[in-house]
Amino acid sequence: MKRRGFVKTLIALPAAPALAEQQQQTTSPQTPVAQPPAGGRGGGTGGRFGQANIPKFELAQTEAVGEPAQRFFTAPQLAALRKLSEVLMPPMRGMPGALECGAPEFLDFPIGASPADRQATWRTGLDTLNARAKKQHNKAFADLDAAQADAVIRPLLAPVPWAYDLPKDPAMRFIAEAHRDIRTATQNSREYAAAGAASGRRGGFGGGGSYINPIDPIYKG
Amino acid sequence: MPAREYDVLIVGSGHSGGMAANILTKQGLNCLMLNAGPESDFEHNRVSKPVYDLPYRGFGKPGRLPHVYQANEFNANQWVDETENPYTHDPANLYNWVRVRLVGGRSLFWARQSFRLSDFEFKAGDLEGNGQNWPISLADLDPYYSRVEEIFRVSGRKEGWPEFPDGNFIEPEYGPDSESIKRLAALGKERGMKFSKMRSSGGQNGLASSVNLLLPDAMATGKLEMVANAIVREVTTDKNTGLANGVHFVNRHSRQERHVKARAVVLAAGTLESTRLLLNSGIANSSGVLGRYLHDQIYGISVVSSVPEARDGKRPPGLMGGSAFIPRFRNLKKEEKRDFIKGYCVIISSGGGANPSLFAEYGEALQKKVDSYAGSCVSGSIFGERPPRYENHVRINKDVSDAWGIPALHIEVKDGDNERNMAKDASNTIEELFHAAGWEIVSNTPNFYPPGHSIHEVGTCRMGDNPKNSVLNKFNQSHDIKNLFVVDGASFVTCGWQNPTMTILSLSMRASEYLADQMKKRNIG
């Protein structure tokens, strides 16, 4: 660590003029000086902005409030997706299923932001489920019972040994992709993690990881 | 006041650039290192987050990094953004160029698998009869490998096998193999496969990067100046002598262009960036092979089996667990006749589970399958060598430039029958091995990722004794411009099945000592 710190110190040296420039700006008479909040350690005069004077609030995550607005799927498509999610990923072993975790409503967001070919796979796939349900049972897919839904889905199931080699048949490809994504959206949800934690499982299934923040304002990575 | 002239200008700060700086500064040479990206303070930039707090629940922003299969929503910010720094390829011939532009480069993130090349790779041309030998042998590089292994604290089991050269290793005390690994090892022996252990760099505190193992010592000499956010556009040459005399670079933030002078230039920007720089500079290509022979390794082939007596949570103690490493065992003899040249290694892992996608089931029935197979699986995957081919090349695409106005690369690489036949052999061989062990084959994937995916891209400035068919000599020195060196993976003649990092580091060390010696003798600079 000491060696690393040494490197950092030396690498920082060429940036010194930029730092000096910033300091000049903050002491310029034209620059308004931020006042620390009353009661802060700066005592109201002479405290430096950005130090310990600003209280740190505990903020809620945006994903923890409200509910996702539905922008992409049509109402019949979303109804089919909800049914598909319910069938493929039901509540099991005390853990919530896809519906309880809001997986179909969430998927509207990433699929709606995806490249056109992925969007088409999903839209066409859900329309195909409705068309097959209509043909086989004269109902929308969302209105099928478990056995009827199985009769529609089962012929479309295929093992997928490699994520980059999905089935060539468009409907089978859609089911493979949807199954994977419904599982992920369920197991990576706040609800799933909470249920896992409550039942003593380690933080639920999705878990966490080491997230790398944007590294500097311009390096987009 | 005239701008300072440096002894050596180093472009890039990854393993190869870090090694060059380490060696050259210790020899008393004043060096300037230019880094295209910023420094990352990971202690500050890295935070622990639950996946549900990520905007896309771990899916990642759609379409953000289409060529980086290694990217996920946690690490997305570490990779180069293709909208800022694009490259092109024929849509039918996908190429995954996986890049990092930070101080330390890809040395910050590598998998730390640490192997030497053997003479089966250095002298592959003799074995395969096509003349594609390196101009050096293992004996030439052996002392450098040893020093690198000491710096990087490489651990591994010494075996005495010529196809899997031993090194200056820390030998850990391995526990006994599980019964499943022993069973495979006995069967493998009958099939000419030798079972060993993975070799890897321990580094310091879990990091084996130029930023903690190489650059600190270079900085401590007081002879190294490092600059971040300096994107080199062109190597400049003296009109009269033809020698390199510096570089033009662009400030990544302001876009201001500057020129810096040096007595020698060392390119260590990573295989394709170094070659792009030379192509954009219009130099070092009297041979016509600059940009040619781009190759890497095939990844992706995977066979998963299940040990029946370990299923349904009933596995007996000592049956499952652990791993094994099988170095190349194909085409080690001239008389071996197969429908492919070169070879692959196999990585065996015991005690895992089966991915749900392997079963055509859903809901409760699927969960029962997954639970039944949990802990019972043995998998095998490979790293295989792609042959270098003249036609697999990069060139400048004059119609596409990066955000700094620097022309981009067009990459043209196609896999051939050799790769496909090797993959087929690997998947069949591993399946047959598992089958002989009496295990159920759960899946067998003979498919492999597109070229570039291994992040082991090498070639494009290959070294050789003949200036007519190589860009560099055996010291990584340009045949055309004697004060210009390329010390990253671009110099490779063949990549082998091995992770190339130890070889890149050793070549950079050797080249840098040669350069320092030549500068002292006034043969350069």
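The values are calculated or read from the model by the stated rules, or taken from the named source; none is laboratory data. These numbers were taken from a predicted model, which means no experiment stands behind them. Cβ placement follows ideal geometry from the backbone for every residue including glycine, while neighbour counts extend to all protein chains displayed. Quick note on the areas: whole protein, heavy atoms, side chains included, nothing else; ligands and nucleic acids left out. Shrake-Rupley method; radii C 1.70, N 1.55, O 1.52, S 1.80 Å.
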Within segment B:115-172, count every residue that is touching a residue at least 40 places away in the same chain (Cβ under 8 Å), aliphatic (A, V, I, L, M) and surrounded by fewer than 22 Cβ atoms within 10 Å (Cβ to Cβ). 3
Considering only segment B:15-29, I want to know if a residue exists there that is of a type outside the set (D, E), open to solvent by 10 Å² or more (accessible area, probe 1.4 Å) and facing another protein chain (nearest Cβ under 10 Å). no
Criterion (within 14 Å of chain B (Cβ to nearest Cβ), more than 19 Å from A:E177 (Cα to Cα) and either touching a residue at least 40 places away in the same chain (Cβ under 8 Å) or not in a helix (DSSP H, G or I) (or both)) met by exactly one of A:E63, A:E67: A:E63
Look through segment B:499-516, keep the residues that are part of a helix (DSSP H, G or I) and polar (S, T, N, Q), and return whichever of them is farthest from B:L215 (Cα to Cα). B:T503
Confirm whether A:L99 is part of a helix (DSSP H, G or I), surrounded by 12 or more Cβ atoms within 10 Å (Cβ to Cβ), of a type in the set (A, V, I, L, M, F, W, C) and at pLDDT 50 or above. no
B:F42, sole failed condition from (1) at the interface with chain A (Cβ under 7 Å from one of its Cβ atoms); (2) out of contact with any strand residue (DSSP E or B) (no Cβ under 7 Å at 6 or more places or on another chain); (3) under 28 Å from B:G206 (Cα atoms); (4) open to solvent by less than 30 Å² (accessible area, probe 1.4 Å): (1)
Name the residues in segment B:51-109 that are more than 7 Å from every other protein chain (Cβ to nearest Cβ) and not in a loop (DSSP other than H, G, I, E, B), would you? B:T88, B:H89, B:G105, B:R106, B:S107, B:L108
Considering segment A:67-77 alone, what residues qualify as being open to solvent by 80 Å² or more (accessible area, probe 1.4 Å) and within 15 Å of the chain's Cα centre (by Cα)? A:E67
Within segment B:15-23, identify whether any single residue is modelled with pLDDT of 95 or more and touching a Gly at 6+ places or on another chain (Cβ under 7 Å), and answer yes or no. no
Return a yes/no flag: does segment A:158-172 have any residue that is at the interface with chain B (Cβ under 10 Å from one of its Cβ atoms), buried (at least 19 other Cβ atoms within 10 Å of the Cβ) and small (G, A, S). no
Positions within segment B:411-439 being under 30 Å from B:A36 (Cβ atoms), open to solvent by less than 30 Å² (accessible area, probe 1.4 Å) and outside any loop (DSSP other than H, G, I, E, B), in sequence order: B:I411
Which residue pairs have Cβ atoms under 8 Å apart, sit 6 or more places apart or on different chains, and have a first residue in segment B:217-239 that is facing another protein chain (nearest Cβ under 9 Å) and a second that is of a type in the set (S, T, N, Q) and part of a strand (DSSP E or B)? B:N229/B:N251
Across segment B:173-193, the tally of residues that are exposed (fewer than 15 other Cβ atoms within 10 Å of the Cβ) and part of a helix (DSSP H, G or I) stands at 3
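Rundown of residues vs (1) closer than 30 Å to A:G196 by Cβ; (2) modelled with pLDDT of 95 or more, yes/no style:
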| site | (1), (2) |
| --- | --- |
| B:L32 | no, yes |
| B:E39 | no, no |
| B:P66 | no, no |
| B:A71 | yes, no |
| B:D90 | no, yes |
Among the residues of segment B:431-452 satisfying the criterion of being within 18 Å of B:G375 (Cα to Cα) and either within 23 Å of the chain's Cα centre (by Cα) or among the β-branched types (V, I, T) (or both), which is farthest from the other protein chains (Cβ to nearest Cβ)? B:I441
Which numbered condition in (1) in contact with a Phe, Trp or Tyr (Cβ under 9 Å, 6 or more places away or on another chain); (2) surrounded by 20 or more Cβ atoms within 10 Å (Cβ to Cβ) is the only one that B:K49 fails? (2)
Which helices (runs of 4 or more DSSP H) sit wholly inside segment B:206-298 and have at least 3 residues that are in contact with an Asp or Glu (Cβ under 7 Å, 6 or more places away or on another chain) and open to solvent by less than 20 Å² (accessible area, probe 1.4 Å)? B:271-281
Does at least one position in segment B:441-450 carry a residue that is out of contact with any Cys (no Cβ under 7 Å at 6 or more places or on another chain), of a type in the set (F, W, Y) and open to solvent by less than 20 Å² (accessible area, probe 1.4 Å)? no
Restricting to segment B:368-385, count the residues that are closer than 17 Å to A:G94 by Cα and open to solvent by less than 30 Å² (accessible area, probe 1.4 Å). 1
Say whether the condition of being assigned to a strand (DSSP E or B) and free of Cβ contacts under 8 Å to residues at least 60 places away in the same chain is met by at least one residue in segment B:380-397. no
Tally time: how many residues in segment A:152-186 are under 28 Å from A:G208 (Cβ atoms) and in contact (Cβ under 8 Å) with a residue 60 or more places away in the chain? 7
